[in-house]
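Step one of this worksheet: look at the structure below.
The values are calculated or read from the model by the stated rules, or taken from the named source; none is laboratory data. Not measured: the values here are computed from a predicted model. Counting neighbours? That spans all protein chains shown, and the Cβs are built from the backbone with ideal geometry, glycine included.
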Amino acid sequence: MGKIKRTNWYKDAIVYQIYPRSFCDSNGDGLGDIRGIISKIDYLASLGVNCVWLSPIYESPQQDNGYDISNYYDIYPPFGTLEDAKEMFAKFKEKGIRVIMDLVVNHTSDQHYWFKDVNTNPNSPYKDFYIIRKKVNGKLPNKWKGFFHEDVWTKLDCSEDEYYFHMFAKTQPELNWENPKLREEVKKILRFWLDLGVSGFRCDVINLISKDYSKFGYGNLKLFLKGYSPVVDGPRLNEYLHELYEDVLSHYDCMTVGETVFGKLDTSNQLVDPKNEELDMVFNMDHLNVDAFIGAKWFYRKFKLKRLMKVVNKWQKGLVSGNNSLFIENHDQRRSVGRFGTNDKEYRVQSAKMLAVSYFLLKGTPFIYQGQEIGMTNTDINRLEDLKDIEALNFYPRIDDFPFLKKYMRRHFFEVVRDNARTPMQWDDSKYAGFSTSEPWLKVNANKDKINVKESLNDPNGIIATYKFLIDFRKNSDVIKHGSFDFIVKNNNSIFAYIRKKNNKEVVVISNFTAKEKCIKKLEKYLNYELCYCNYEKDLGPKLRPYETRTYIKN
Ligand code: ISL
């Protein structure tokens, strides 16, 4: 198949992220599955989204909920079969919804046959697929701890002095992209799924695939203080991604969005600059670090709107392609309601709508994470034994390593764990929230009685209605799709207000990020424009009520 002219459809995409194990369980085993997803396609179509991103559905021992793949060519059996997946792709297509798959190729599972062979066979032909080092004078290159707080080197079973490298769990051995044979294998995986009809990939920790081995001698502290520079944005990253583009991606009308951990603006610009032909978009996380010290969520700090605005401004203005990925939630983040200064109790509904409007009309491609459209909240789990996520379970005992901070870190621990995003989708108020007929793998939130899809759909003023409005508005607005961006209130800890402009048309968003009334008299000029959305009933004076948001247009 030759190269084709890409339509760049992703610029008009509205993407919904599905976390399959928590979305919908069709067979009552407590785990979501593909047939469950199929049963909700009509619902997704009714929202108006035109693309879904599926978190991994591949065969996997699920040590990291599928981000540890043991076979890239088949489905995790409890989720269904490859035939089910094909049926799902076809049904999404019928509804005009594209599917992008999660692509996890920085590491495999330790149960992948390549690694199993390497681990047991000293002469394995796959040895060079992984990053293996021998101890020299009894020493490894470093003593780092990885992202999941484990030693990054683990001994191979078949050797006394050879170790493999992993930035995540020891069950997630890191792949060696320097090896051209490995890169050919990755291309095969991409082609396989593209040929089955998927429209692209969300590329997991993609900026980790090239490493700077000359810095492998860094100490742990230096690794951290230097933003993990030995392992992120390595010297051959651009080359590898261009190779994938040239050999595979340019032959399909597809899109890629790369998750870039500790990604910086200048490196992101190289990745998404269309002339470089690497990725289409990146998931940058700067805005998620506004309530964490030094980018580490365990070091929780109070939210300040000014910090968020600074980050939003930087990326809205600075990305060369002009195409940011817009997101406030995903499967690794706590829920947005109750975060970013908002309130998940008495102002939950207003907060959820205000956040929705505030990010959705920025410049870029919006992503919605399952449950965000009904304002799902953080988990009510408060016992360690009820958590499932490897990251949290690994980290908890390490809190003791921070004697001066441990009290503070324990207090905020449950608030920041990834399981907050992973509780079962709340479809209705039945025992297991309509997610399953038996006890789910992770506890359903008790608030499913009032926070669920059925309830929100029945309410003309529900949060879903706001999302439907936003999706529709975006699809039909040239200003939102292609207009410029500027903040109209600067450096403020309460009001988040911006203007989008194209030709003579304008869209203005004004949001109150606090629980207090705020005067917006100085924005009077815009208050005379045509109001097209407000999350309160009438009475629109020059004061914003708690978490109020308004959208005005000038045509
Ligand atoms: O979740 C995080 C912080 O709480 C991040 O450090 C996260 O591990 C990082 O963003 C990488 O995430 C991705 O790769 C991981 C996987 O566990 C995550 O679910 C995935 O989104 C390893 O594959």
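Couple of notes before you dig in:
- Contact annotation: residue pairs with Cβ atoms under 8 Å, 6 or more positions apart or on different chains, pairing a residue in region 90-118 that is farther than 26 Å from Phe367 by Cβ and without any contact (Cβ under 8 Å) to a residue 60 or more places away in the chain with a partner that is of a type in the set (Lys, Arg) and away from the ligand (no atom under 14 Å from the Cβ), are Val118/Lys127.
- Scoring Ser214 on the criteria (1) within 24 Å of the chain's Cα centre (by Cα); (2) outside any loop (DSSP other than H, G, I, E, B) leaves a single failure, condition (1).
- Flag if Asn207 is out of contact with any helix residue (DSSP H, G or I) (no Cβ under 8 Å at 6 or more places or on another chain) and either within 16 Å of the ligand (Cβ to nearest atom) or closer than 25 Å to Gly295 by Cβ (or both): no
Conditions (1) over 20 Å from Ile209 (Cβ atoms); (2) more than 13 Å from the ligand (Cβ to nearest atom); (3) buried (at least 17 other Cβ atoms within 10 Å of the Cβ), marked per residue:
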position: Tyr252; (1), (2), (3): yes, yes, yes
position: Thr260; (1), (2), (3): no, no, yes
position: Phe283; (1), (2), (3): no, no, yes
position: Lys297; (1), (2), (3): yes, no, yes
position: Leu305; (1), (2), (3): yes, yes, yes
position: Lys314; (1), (2), (3): yes, yes, no
position: Val320; (1), (2), (3): yes, yes, no
position: Val337; (1), (2), (3): yes, yes, yes
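- Criterion: within 16 Å of the ligand (Cβ to nearest atom) and surrounded by fewer than 19 Cβ atoms within 10 Å (Cβ to Cβ) - qualifying residue of Leu384, Leu393: Leu393
- Of all residues in region 141-151 being outside any strand (DSSP E or B) and within 16 Å of the ligand (Cβ to nearest atom), the one that is nearest to Tyr213 (Cα to Cα): Trp144
- Close pairs (8 angstrom Cβ cut-off, 6 or more residues apart or separate chains): closer than 21 Å to Ala497 by Cα in region 306-335, assigned to a loop (DSSP other than H, G, I, E, B) and aromatic (Phe, Trp, Tyr) anywhere: Leu308/Phe340; Ile328/Phe340
- Asp29, sole failed condition from (1) among the acidic types (Asp, Glu); (2) more than 23 Å from Thr256 (Cα to Cα); (3) not in a loop (DSSP other than H, G, I, E, B): (3)
- Positions within region 342-360 being assigned to a loop (DSSP other than H, G, I, E, B) and small (Gly, Ala, Ser), in sequence order: none
- Among the residues of region 195-211, the ones that are in a loop (DSSP other than H, G, I, E, B) and in contact (Cβ under 8 Å) with a residue 60 or more places away in the chain come to 8 in all.
- Hits in region 49-83 - residues which are hydrophobic (A, V, I, L, M, F, W, C) and out of contact with any strand residue (DSSP E or B) (no Cβ under 7 Å at 6 or more places or on another chain): Phe79
- Hits in region 234-260 - residues which are in contact (Cβ under 8 Å) with a residue 60 or more places away in the chain, within 21 Å of the chain's Cα centre (by Cα) and part of a loop (DSSP other than H, G, I, E, B): Cys254
- Only one entry in Gly227, Gly200 is buried (at least 21 other Cβ atoms within 10 Å of the Cβ), of a type outside the set (A, V, I, L, M) and out of contact with any Leu (no Cβ under 7 Å at 6 or more places or on another chain), namely Gly200.
- If you check Phe147, Phe89 for being touching a Gly at 6+ places or on another chain (Cβ under 6 Å) and either farther than 19 Å from Pro56 by Cα or not polar (S, T, N, Q) (or both), only one passes: Phe89.
- Subset tally (residues that are on the phi < 0 side of the Ramachandran plot and at pLDDT below 95) for region 313-338: 3
- Residue match in region 130-140 (condition: under 29 Å from the mean Cα position of the chain (by Cα) and either away from the ligand (no atom under 15 Å from the Cβ) or surrounded by 17 or more Cβ atoms within 10 Å (Cβ to Cβ) (or both)): yes
- Applying the criterion of being outside any loop (DSSP other than H, G, I, E, B) and touching a strand residue (DSSP E or B) at 6+ places or on another chain (Cβ under 6 Å) to the residues of region 314-341, the residue that is farthest from Ala13 (Cα to Cα) is Gln316.
- Checked against (1) touching a residue at least 60 places away in the same chain (Cβ under 8 Å); (2) surrounded by fewer than 19 Cβ atoms within 10 Å (Cβ to Cβ), Gly541 meets all criteria but (1).
- Test: residue in region 99-116 that is closer than 22 Å to Ser159 by Cβ, away from the ligand (no atom under 16 Å from the Cβ), of a type outside the set (A, V, I, L, M, F, W, C) and touching a strand residue (DSSP E or B) at 6+ places or on another chain (Cβ under 9 Å): yes
- Some residue of region 265-281 being within 16 Å of the ligand (Cβ to nearest atom), over 29 Å from Ile132 (Cα atoms) and not in a helix (DSSP H, G or I): yes
- The criterion of at least 1 residues that are under 26 Å from the mean Cα position of the chain (by Cα) is met, among helices (runs of 4 or more DSSP H) falling completely within region 443-555, by 453-458, 463-475, 478-482.
- If only residues of region 88-98 that are charged (D, E, K, R) and not in a loop (DSSP other than H, G, I, E, B) are counted, the one that is nearest to the ligand (Cβ to nearest atom) is Arg98.
- Scanning region 322-335 for residues that are of a type in the set (D, E, K, R) and within 13 Å of the ligand (Cβ to nearest atom) yields Glu329, Asp332, Arg334.
- Taken together, the residues in region 186-201 that are under 14 Å from Leu244 (Cβ atoms) and either within 16 Å of the ligand (Cβ to nearest atom) or within 19 Å of the chain's Cα centre (by Cα) (or both) amount to 4.
- Residue in region 48-87 that is farthest from the ligand (Cβ to nearest atom), counting only those that are buried (at least 19 other Cβ atoms within 10 Å of the Cβ) and assigned to a helix (DSSP H, G or I): Ala85
- Where a residue in region 361-377 is in a strand (DSSP E or B) and its partner, wherever it lies, is of a type in the set (S, T, N, Q) and at pLDDT below 95, with Cβ under 9 Å and at least six apart: Thr365/Asn323
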